[in-house]
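Accompanying notes for the structure given below.
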Amino acid sequence: MKFIIDDASIEKIKEIYDTFAVDGVTTNPSILAKNGKQPFETLREIREFIGPEAELHVQVVAADAEGMVEEAHRIQKELGMNTYVKIPTTKEGLKAMKDLKKEGANVTATAIYTQMQAFLAGKAGADYAAPYVNRIDNLGANGVRAAKDIHDIFKKNGLKTEVLAASFKNSQQVLELCQYGVGASTISPDVIEGLIKNDTVTMAVNAFTKDFEGLCGAGMTMKDCM
Ligand SMILES: O=C[C@H](O)COP(=O)(O)O
């Protein structure tokens, strides 16, 4: 499963990259708005930091297919042809996906709440389909189950599209999809930090340090106590 950051703050992205093995960054208009700066200024800064090969996913805002395709061209021009253009999976979005795939663009079908949306995006040739796990949970359905179903639908129908699960609120949701082997998950920095936060582990490591200091003296490490 690819491990992607769902955020646009360059400081947070750098912090996460420093510790974790990351495959790229996803954004959406709300994430860019939260960041506050001019969208392409932010996105160029992210592209420069993650490098030309890493995955960067950027969403269009137009509601009609023609406008979506035009925005996709601007995104590719500013951020490189390998940038994934996120297209909302509406009727117009499906049309834009088909047109963009004919041009050889990288397409991520987004705003997916149902298995049928994902299937149709797969048929339109999308590279990724992004089900919103937690938002689906909030509707009283099961977001993790939906993402697993979508993964199965792609495999059983011979579609090359991969799941790019999004909208996580806890580690368990991420873990279940990792165990299932979905293609990718995009996760916000606070949820990423939570994946490794565990007081029991901290206590165990502190106990090892305390025992070692009992043997060699306070503040001593292995290299000081040979
Ligand atoms: O692009 C979609 C987002 O990943 C959705 O996440 P959210 O539900 O936390 O806003």
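The values are calculated or read from the model by the stated rules, or taken from the named source; none is laboratory data. Quantities reported herein were computed from a predicted structural model and do not represent experimental measurements. Virtual Cβ from ideal backbone geometry, glycine too; neighbours counted across all protein chains shown.
Below are the figures for this structure:
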read-out	value
All positions within region 35-69 that are part of a loop (DSSP other than H, G, I, E, B) and of a type in the set (A, V, I, L, M)	ALA54, VAL60, VAL61, ALA62, ALA63
Which listed residue is more than 21 Å from THR89 (Cβ to Cβ) and within 16 Å of the ligand (Cβ to nearest atom), from LEU195, LEU164	LEU195
Lone qualifier among ALA147, ALA124 - being within 14 Å of the ligand (Cβ to nearest atom), modelled with pLDDT of 95 or more and surrounded by 22 or more Cβ atoms within 10 Å (Cβ to Cβ)	ALA147
Those residues of region 1-49 which are within 14 Å of the ligand (Cβ to nearest atom), β-branched (Val, Ile, Thr) and farther than 20 Å from GLU162 by Cα, in sequence order	ILE31
Residue match in region 56-66 (condition: crowded, with 17+ Cβ neighbours inside 10 Å, away from the ligand (no atom under 16 Å from the Cβ), over 14 Å from the mean Cα position of the chain (by Cα) and over 21 Å from ALA184 (Cβ atoms))	yes
Residue identified as farther than 29 Å from ILE10 by Cβ, surrounded by 17 or more Cβ atoms within 10 Å (Cβ to Cβ) and among the β-branched types (Val, Ile, Thr) among ILE187, ILE192, ILE153	ILE153
Scan of region 72-82 for residues that are surrounded by fewer than 18 Cβ atoms within 10 Å (Cβ to Cβ) and assigned to a helix (DSSP H, G or I), ordered by number	HIS73, ARG74, LYS77, GLU78
Subset of region 122-151 that is more than 18 Å from the chain's Cα centre (by Cα) and of a type in the set (A, V, I, L, M) - its residue that is farthest from ALA166 (Cα to Cα)	ALA124
Residue list for region 167-186, restricted to those being within 13 Å of the ligand (Cβ to nearest atom), in contact (Cβ under 8 Å) with a residue 40 or more places away in the chain and in a helix (DSSP H, G or I)	GLN173
Residue in region 73-87 that is in the same structural domain as GLN59 (by TED's automatic domain parsing), within 25 Å of ASP152 (Cα to Cα) and away from the ligand (no atom under 16 Å from the Cβ) present	no
